[in-house]
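One structure is given here, and the rest of the page talks about it.
Every number in this text was worked out from the coordinates using simple rules, so none of it is lab data. Since the model is a prediction, treat every value here as computed from it, not as a measurement. In this analysis, Cβ positions are derived from the backbone assuming ideal geometry, glycine residues included, and neighbour counts consider all displayed protein chains.
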């Protein structure tokens, strides 16, 4: 509790004075993320790629090179392997072609036979290629509609300038998260897509809090320079932003460390998303308002002092 009280309510940092640096960093990150996604690509899971996913536990520590040689000669389609948790846990993804007449059960038997005695089949999932393509389209559509819905909500809740800034900020967060998955090659599946949508929701929540303070400060100070108003709005919500993000990250780090491999890709994406979403709220969304011709609030009401510290910020 004593540590929380040490956070200043208004540290007086000049965020808008560095807006060009923030915007340049955001553009660089967006371009790099798109390049990674196009050049390196995502490590698509069975949900999107289609095929057979098997989780096996071998009797001894798995030699992935040796296992690839064994499974590659079975004639069952493209096979990819990766370690999963312990050294003897392996994920096997078999991209079964649509015209493959070999049944799923027969493929499993061939794989288990090639792996030898003492190998335990712990989990299996199958998604047809057509279903995988449909899930790709549905996932992309869900992401786009969610972002548009959030942008429209912010537009009606505030003004169009806020909606545009929020939508650009959300697009930045989503693209940066996809770039993160492309860089790390963490499997991208329905769970990690859910992480992307969760990040969008978290980021806009933080952004709306700052936007609300911007609108309140605009109405209070009629003659204060716009950049000073935006700075004050960010500074007076900064302690809330830091404390909320930190408490969320503590829970996510615990899940990442102790939650097991099944949810590790999901939590890794959320940890990155919380960091990038927190940054974009004050480093991208608010600076964009200074370029969008933001209007002042209503003309009614008494004017207060033009100094930034004239009013005591609410806790």
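Remark: spin-label model distance residue 291-residue 31 equals 1.3 nm, labels positioned 7 Å along the Cα→Cβ axis.
What ranking do 237-243, 284-290, 198-204 get when scored by the average of other Cβ atoms within 10 Å per residue, highest first?
On the way: 237-243: 17.1, 284-290: 24.9, 198-204: 21.1.
Ranked by mean Cβ neighbours within 10 Å, highest first: 284-290, 198-204, 237-243.
At full extension, residue 225 and residue 205 could sit 4.6 nm farther apart than now, given 0.36 nm per residue minus the alpha carbon distance. Calculated FRET efficiency, residue 184 to residue 138, Cβ-Cβ distance, R0 = 25 Å: about 0.55 to the nearest 0.05. Here the gap between residue 110 and residue 248, fully extended at 0.36 nm per residue and compared with their Cα-Cα distance, gives a gain of 45.2 nm.
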